[in-house]
Every structure is written in C-alpha cells, then in structure tokens.
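Worksheet: the structure to be examined is printed underneath.
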Amino acid sequence: MCSFVSFVFQKNHPTDFYNFCVLNKKTMSISDQIQSFNHEKQTAHAFHFQYIAEILTQKGIDIQAVIEKIKAFQVAIPSWALGTGGTRFGRFPGGGEPRSLEEKIADVGLLHQLTQSANSISLHIPWDIPRNPAALKNQLKSLGLTIDSVNSNTFQDQPDQPLSYKFGSLAHSAAAVRQQAIDHNIACIEHGKALDATVLTVWLADGSNFPGQQHFRRAWQRTADALGDIYQRLPANWTMLIEYKPYEPNFYAMVIPDWGTSWSLCQHLGQKAQVLVDLGHHLPNTNIEQIVARLMHFGRLGGFHFNGSMYGDDDLTTGSIKPYQFFLIFNELVDAMDDPAVKNPPLAWMIDASHNSKDPLEDLLQSVQNILTTYAKALLVDRKALAEAQENNDVVAAEELLRAVFATDTRALVAEAARQAGGAIDPIGVFRNAKIREKLIQERGLNSVATGL
C-alpha cells in the first residue's frame, strides 16, 4: 500500500473506535454507521485508490488537488425529488415518503451526510411553502444545509387560484392572468428571501398545440415584459434562471423552446438573468456540449439541471443513459471554468429527476455519484495536449485523449473524497446496510405521499 493511503486511513480510523462501533451496531448513529462501514470497506478501497493514484501520479497529476475539487463540488437536491415520481399513466409510491418540508430537509440532510456533496435544497412553490422560516433555518443549519433556489409554478392551476393557466401564464393574452403569474413569482422571491436563497428559477409551460393558436411575436414580448416586472423585484445578489424546453406540455410551439430564446430574454432583462440548461430539455441527438460551451463563452450559463434521458424529458438517473455525452458536457464545463478568459458566473448545480421505479433516495445517491465520477474524469483531461491536438487538426489524437479519460475509473477518487470529508465510501451500501428506507416507512407509514406529488 502506498504511504499516502496508509497515512490517511491510520490517521482517521483508529481501531478501538471501530471495535466500539461493531459492538454497539444496533444503537449506532448514521455517522457511526458510515465510519463503521468505511472501515469494513477500507482494504478494498485502499487497493483501488492506490491503483488509480499511482497511474495518475505517473502522469504528473496532483491527486490531492483533484480530490479537493471533488470535495468542493456541491449539487442541490430538489424538494420534489424526495418522493416517488410518476407518469400520467400512474404512480407507485414506495412508502416512507416525506410528508412535510421539514421531513424533506431531513432526507436531504441524510443524503448530504452520506455523500458530503449535497449541501443545498431547491424549493418548488407552492408545493413547499415555508410556513416557519425561522425554525426551518435552524433545522437547515443543524444539518449543514442551505436553500439555494426557489422554483415558481405557473404550469398548473392551484385549488385556490382565481384564473387559469390553461392558455399560458406570462405569455397569456389576458393581462390579468399575466399579473397573477407575475405576483406568484414575486411571492416566490419573498419566500426565498426568508430562507436566504439567492436564485429564482422560471420554467414556463406557455406555448400552443395548433397552428395559428398563438401569435409568436406577441407571446415573446409579453413574456419579456412580464419577466421584466419580476426582474425588477430581484434583490441585488439574486439571479433569475430562465429555463427552456422544446416541447411538452405544448407540442406545436413553446414560447421558450431553446437556449437562443432563453438567451434573448436574458439579454433583454440584464446581467442578473442567466440561462438554465436542463439535460432532458433537448430534442434527441442535440449537441448539448456545444450549447454549454457557447453559453459559457457568452457568460450566460447560470444553472444546470442534471438528469438522464433516452427520448426527451425522461428525468432518469443522471448519467444512466448517455454517459459519454455526459462526460463531453462536463469536459466543456470544466474547460470553461478553468479558463481565466471566461467570465461566466458560478454555476447553480441541481439534480432534476423523477423516480417511479426506484427508491427516490437511492436514485439521488446514484445521481450524485455519477455526477462526481464524471466531474472527476473531466478534471483529468490534459488541457494542454487537447488544445495542441485541436490547433494541429489532429482529429484522432484529440478524440483518443478524451476516450482514454472517459474509460478511466474514477470511483475510487470520489470515494476517497467522500471519506476525507466524513462521508461514505459506498453511500448506497450504507443506506441499505442501515435499513434507512425501512426505518422511514416505520416512522412515516407505508402510504405516506410526499407533498406536491
């Protein structure tokens, strides 16, 4: 075993602590179970970590510098992803779902404890209106969490809503409906301010299903004007993220169907408005990595929603369907983030997925791990060598360089980053070993349904 690996394990895992944990397994806290499980996996992890560390060291890569970047990467968990999702055909709840915002925060606290990479929550209003901000802030602080963003909802009618969004919200032909949608977004800002959030995310379902149904130019202008009214209410340190989607729920035309339309609205509004890229919000075979590179170059990429898709907005586990494209996207993100000439603001990362056939918490753990392992691969790209191949038009050399990095198994790097930060080497292993879902069902009931679903 290399001296570095021996040192970190001996320093942080004294034998008497683990003997205590094993003897008292039934009453161990989650933190103790993480450490005990890490101890059980120590030998195997050390072997895999030593292997990848020696390979990368021979290439001149600073292993600990890479690990520190992995440790610093944090992705937000959306409040709506903690319960079982579904489709228009049905929903199959798995039990133990969070019945309140407080229970959702507790679940995210657990995810963060396991991974040490999920320290923030994105709220959906009105599904998760904070009723007691002061108490919620105390709970968040105790778990090492923050509320990073609030998401408005004008894509469905609420029970107490006087006017309908059937034919649009911010783009609606009726001024009263537009004002109702504006007021809702402003209310979202107020809820966010109460919890120290700094981001408002706007996704509009506005569009049309039939030719002639909507005037394209007027729809854009109404949307721009309405967003302008909301933008004026943003605090100085806030960002408005404008999300695009090519289809669904409208299938003939969406008011904001692509990154260009979103970008045009941001240009209209000001620097506090930024484009939000959702991996599932693209037509099949779209070159998302090029979109990401362009937006970063323009300084207009504000946020990123992670998920996986086969056909459209499938909201599957991140990295589960097209892992190579996911790596190419991260390659562009890291390339721009490392370039001092790029003046793009820090990105808001979030997982946006819906879980129907998996345990929601296990699925989120998978997504976090896939995000981190892919990010780690992008960190290993030899930027100088890639740039030389590109400038020399050496197509094969450039492609082979990326393919070699993509084939690198970075799971041990992510596991070591989690271990150093106090998280689990194998988060799903701890989740199952600790029987967390069974305990949640016992506490909340088999038929509990997450709020907003």
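The values are calculated or read from the model by the stated rules, or taken from the named source; none is laboratory data. Nothing here was measured: the structure is a model prediction, and the numbers come from that model. Methodologically, a virtual Cβ is constructed for each residue, glycine included, from the backbone with ideal geometry; neighbour enumeration extends over all protein chains shown.
Note on the range 228-262: residues that are of a type outside the set (G, A, S) and more than 30 Å from T87 (Cα to Cα) amount to 10.
Looking only at the range 400-422, how many residues end up being outside any helix (DSSP H, G or I) and more than 18 Å from H48 (Cβ to Cβ)? It would help to see each step written out before you state the result.
We begin by selecting, within the range 400-422, every residue outside any helix (DSSP H, G or I); these are 407-410, 422.
Of the ones still in play, those that are also more than 18 Å from H48 (Cβ to Cβ) are 422.
Residues flagged as outside any helix (DSSP H, G or I) and more than 18 Å from H48 (Cβ to Cβ) within the range 400-422 amount to 1.
The helices (runs of 4 or more DSSP H) falling completely within the range 255-357 that include 3 or more residues that are aliphatic (A, V, I, L, M) and under 25 Å from A404 (Cα atoms) map to 288-298, 323-337.
Within the range 41-86, take every residue that is among the aromatic types (F, W, Y) and in a helix (DSSP H, G or I) and give me the one that is farthest from G144 (Cα to Cα).
The first filter runs over the range 41-86 and keeps only residues among the aromatic types (F, W, Y), leaving 47, 49, 51, 73, 80.
Add one more test, that the residue is in a helix (DSSP H, G or I), and what stays is 47, 49, 51, 80.
Numbers: F47: 32, F49: 28, Y51: 33, W80: 20 Å.
Going through the qualifying residues, I end up with Y51.
Look at (1) at pLDDT 95 or above; (2) surrounded by fewer than 23 Cβ atoms within 10 Å (Cβ to Cβ); (3) within 30 Å of K104 (Cα to Cα) and you find that F326 fails only one, number (2).
Per the conditions (1) crowded, with 17+ Cβ neighbours inside 10 Å; (2) farther than 22 Å from T373 by Cβ, the sole criterion not satisfied by T286 is (1).
Inspect all residues belonging to the range 383-400 and state whether any of them is farther than 23 Å from P323 by Cβ, surrounded by 19 or more Cβ atoms within 10 Å (Cβ to Cβ) and modelled with pLDDT of 95 or more. No: the range 383-400 contains no residue that is farther than 23 Å from P323 by Cβ, surrounded by 19 or more Cβ atoms within 10 Å (Cβ to Cβ) and modelled with pLDDT of 95 or more.
Quick one: would you say V449 is surrounded by fewer than 18 Cβ atoms within 10 Å (Cβ to Cβ), out of contact with any strand residue (DSSP E or B) (no Cβ under 6 Å at 6 or more places or on another chain), part of a loop (DSSP other than H, G, I, E, B) and of a type in the set (V, I, T)?
yes
Screening A385, A397, A376, A389 for residues that are part of a helix (DSSP H, G or I) and under 16 Å from E68 (Cα atoms) leaves exactly one candidate, A376.
Please work out if R419 is over 24 Å from Y324 (Cα atoms) and either free of Cβ contacts under 8 Å to residues at least 24 places away in the same chain or surrounded by 23 or more Cβ atoms within 10 Å (Cβ to Cβ) (or both). Before the answer, list the steps.
Values: over 24 Å from Y324 (Cα atoms): yes; either free of Cβ contacts under 8 Å to residues at least 24 places away in the same chain or surrounded by 23 or more Cβ atoms within 10 Å (Cβ to Cβ) (or both): yes.
Judged against the criteria, R419 is a match.
If a residue has to be farther than 11 Å from Q116 by Cα and hydrophobic (A, V, I, L, M, F, W, C) to count, how many in the range 413-435 make the cut?
Initial filter on the range 413-435 (farther than 11 Å from Q116 by Cα): 413, 416, 426, 428-435.
Going one step further and asking which of them are hydrophobic (A, V, I, L, M, F, W, C), we end up with 413, 428, 430-431, 434.
Counting residues in the range 413-435 that are farther than 11 Å from Q116 by Cα and hydrophobic (A, V, I, L, M, F, W, C) gives 5.
Surrounded by 16 or more Cβ atoms within 10 Å (Cβ to Cβ) and either farther than 24 Å from L316 by Cα or at pLDDT 95 or above (or both): which single residue out of G96, G60 fits that description? Give the derivation first.
On the way: G60 fails: surrounded by 16 or more Cβ atoms within 10 Å (Cβ to Cβ).
One residue alone meets the criteria, G96.
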